[in-house]
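Trainee: Sharing a structure here in structure tokens format.
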Amino acid sequence: MQCNEQFTGYIKAVCGQIRWKKAHKKVANEIEDHLIDHMEALLASGLEEAAAVKGALEEMGDPIQVGKQFDAVYRPQKDKVLFACIIALMVIGVAIQLGMSLAIRSYANTFAEYAFFIPFGIAALAIAYFFDFSRLLKHSIVVYAVLFALEIAALFLMNNSRAITDFFMMQDSVGVMGNIILRISRGADAYIYFLFLLSIPVFAGVIHSQRMHGYKGLLLCLTLYFINVGLCFYSNDLAPVAHISIGYLVLLIVTICKDWFAVKKPRALLLVCMPILAMFVFVLTQTDQFFTGYDTIHNAVSKAKLFGPFVENLRGSSNYYMIMTDGHSDYLFSYIILQFGYIAGAVSVFALSIPVFRMFKSSCRPKSSIGFIISLASSLAVTSQMLLYVIRNIGIFGMRASFPLLGYGGVSYIVNMILIGIMLSSMRHDSVIAIDKYPSQSSQVRHLAD
Amino acid sequence: MEIDKSLLSGSTTMLVLNLLSQQDMYGYEMIETIGKISKEIFSFKAGTLYPLLHNLEEQGMIQSYEKNADHTRVRKYYTITPSGRKLLEEKKSEWTLFVKTMSGILEGGIEYAMQ
């Protein structure tokens, strides 16, 4: 029909003024619907098609002016303070790692390997930032299943690491793929840990897909949680259980309170909180069993002073020796507390927590439901690491955790940059994420029951 | 009698929010409804309405959702949010004060200012 060509031309002229291309589809769909509605009304009033098309287009107004008005509305969302917090964390991480490599002999060669992963981390953040994750998480259960399959694969590699190494040693040449498999199998426990962290934003997508599904949806979410917990127990690493317990529980509490599942809130909160909290507490009580040597840290930190170093013969102390040599960046706050006292430790925890909590605050900004939940989930994955790291360092519970972007470890750096990228992406795409299919239940009752 | 458009432009937000406070609507429906209830004295151009709707949605005053219009088409409806209702009340208060003051000046003249 000729009207389609004219409408398309008009819409193209409007969208030509909107600089952010991701907004084009949303604007184009709505204008097209309006033009068709108006044309049909004019046809029904007795006008010929050509006149109806002309009338509909004239009523819309000058496409350039209309496009400029839309352009003023659609700007990619950028939070400058948040970007500053992220850059601050990256800079502090570099400073800490460089300082340690210069000050501690056993860390002399570690900065080069840390710095090697920085461009990869930045690239990972950039890819995550420009990718619209809402598209991926519309198939969230499939993505969750893929992630779970990767966790199982990593677990297989970890459990058979020795056999895999022996196999490749017997070959004449290992090859590129062989080297990759060898490297993954040797570091598989770290990969599993970070795969579980990445499951938190994916789980958010699952929750989003179960909106208005009532208790059935809630039970599906709980089932997925316990499947992942089961895998953690099988892998003999309970640290991820703490992270996913915090992440999944907060997500479920927030979405239940927002009436996403359309269930009685007190009953639903009880249904999810009791088993997840029970599992979390159980895991915390098992930390001594799964993290040998934690008692040493706990005893040392508990005897630290308000100001000043722990003991005068510090250098001869086995506690000091362990903290200073056994994964030092894993005990950054323990080191500060032992060397400079509790006050210095508290100040450093507070200072380094500010950018992380600012990230968490920003994660609640997106207005679209899927943008909000993905952003919240990503920041929970980052924040839970920080919380468990601090708890470990001040001697409350021993649980493997690294401070995001500060600790040594390529995989940790890249995964945390991906999580931050996902959070930023949710905010960036918030205004053009596909609109909700369902309004909130209260507005449904108020507006559509009439 | 045709109204000067500049008199209407400052009140468009209030008119849109007032419509949505009574019923969820889609864009074309809003234009038609405004025309009918104002007896064609007020008329919105769609090119003015839709950027306004998108802007109000960005600000969180309204939100949108899709609903099946018929077997072939899906329409985008708008609904007011609690923040939107609050803004509407503020706008109504401003308008009431404006109208009262303007009426006083027009009817009472300089003597109104002396009261």
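The values are calculated or read from the model by the stated rules, or taken from the named source; none is laboratory data. All values reported here derive from a predicted model rather than from experimental measurement. Quick reminder, even Gly has a Cβ in these numbers, built from the backbone with ideal geometry, and neighbours come from all protein chains shown. Heads up: the accessible areas ignore ligands, DNA and RNA and are worked out on the full protein's heavy atoms, side chains in. Shrake-Rupley method; radii C 1.70, N 1.55, O 1.52, S 1.80 Å.
Trainee: Return the Rg/Rh value of segment A:105-197, two decimal places, where both radii are evaluated on C-alpha atoms and Rh is the Kirkwood radius.
Mentor: Values: Rg = 16.9 Å, Rh = 16.0 Å.
Result for segment A:105-197 is an Rg/Rh of 1.06.
Trainee: With only alpha-carbon pairs counted, each pair once and no self-pairs, how large is the Kirkwood hydrodynamic radius of segment A:340-430 in angstroms?
Mentor: On the way: mean 1/r = 0.0721 Å⁻¹.
One over the average 1/r among Cα pairs gives 13.9 Å for segment A:340-430.
Trainee: May I ask for the distance between the Cα centers of segment B:10-51 and segment A:408-422, given as a whole number of Å?
Mentor: So the two Cα centres are separated by 48 Å.
Trainee: Something else about it: Any chance you could run the full-extension gain for A:Phe120 through A:Ala346? It's 0.36 nm times the residue separation minus the Cα-Cα distance, nm to one decimal. Numbers along the way, then the final one.
Mentor: Details: separation 226, 0.36 × 226 = 81.36 nm, distance 3.22 nm.
Stretched out fully, the A:Phe120 to A:Ala346 stretch lengthens by 78.1 nm.
Trainee: Please work out the C-alpha center-to-center distance from segment A:177-202 to segment A:102-173 and express it in whole Å.
Mentor: Each part reduced to its Cα centre gives a spacing of 5 Å.
Trainee: Work out the FRET efficiency for B:Lys45 and A:Phe307 from their Cβ-Cβ distance, taking R0 = 60 Å, and round it to the nearest 0.05.
Mentor: Values: r = 70 Å, r/R0 = 1.17.
After rounding to 0.05, the efficiency reads 0.30.
Trainee: If I take all pairs of Cα atoms in segment A:1-151, what percentage of them are more than 24 Å from each other?
Mentor: Numbers: 7023 of 11325 pairs.
Taking all Cα-Cα pairs of segment A:1-151, the fraction more than 24 Å apart is 62 percent.
Trainee: Whole Å is fine, so just give me how far the alpha carbon centre of segment A:219-286 lies from that of segment A:36-77.
Mentor: If you average the Cα positions of each part, the centres end up 50 Å apart.
Trainee: If the limit is 20 Å between Cα atoms, which of A:Lys68/B:Lys45; B:Lys36/B:Lys100; A:Lys216/A:Lys264; A:Lys26/A:Lys68; A:Lys22/A:Lys258; A:Lys26/B:Lys86 go over it?
Mentor: On the way: A:Lys68/B:Lys45 15 Å; B:Lys36/B:Lys100 26 Å; A:Lys216/A:Lys264 13 Å; A:Lys26/A:Lys68 15 Å; A:Lys22/A:Lys258 28 Å; A:Lys26/B:Lys86 27 Å.
Listed pairs above 20 Å: B:Lys36/B:Lys100; A:Lys22/A:Lys258; A:Lys26/B:Lys86.
Trainee: Over segment A:141-203, give the accessible area per residue in Å² for a 1.4 Å probe, as an integer. Mind showing how you got there, number by number?
Mentor: On the way: 3460 Å² over 63 residues.
Value returned for segment A:141-203: 55 Å² of accessible area per residue.
Trainee: Which percent of Cα-Cα pairs in segment A:1-55 sits in each 10 Å bin, short to long?
Mentor: 25, 47, 22, 6
Trainee: With the crude spin-label approximation of a point 7 Å out along Cα→Cβ, what separation in nm comes out for B:Lys92 versus A:Thr165?
Mentor: 7.5 nm
Trainee: Under the definition of Cα pairs under 8 Å and six or more residues apart, what whole-number percent is the relative contact order of segment B:29-98?
Mentor: Numbers: 53 pairs, mean separation 13.3, N = 70.
Answer for segment B:29-98 is 19 percent.
Trainee: Direction-averaged shadow area of the convex hull around the Cα atoms of segment A:155-270, nm²? List each step's numbers first, then the result.
Mentor: Details: hull surface 32.3 nm².
In nm², the orientation-averaged hull projection of segment A:155-270 is 8.1.
Trainee: When the C-alpha atoms of segment B:38-91 are aligned to their principal axes, what extent does each axis show, in angstrom, from largest down?
Mentor: 40, 29, 18
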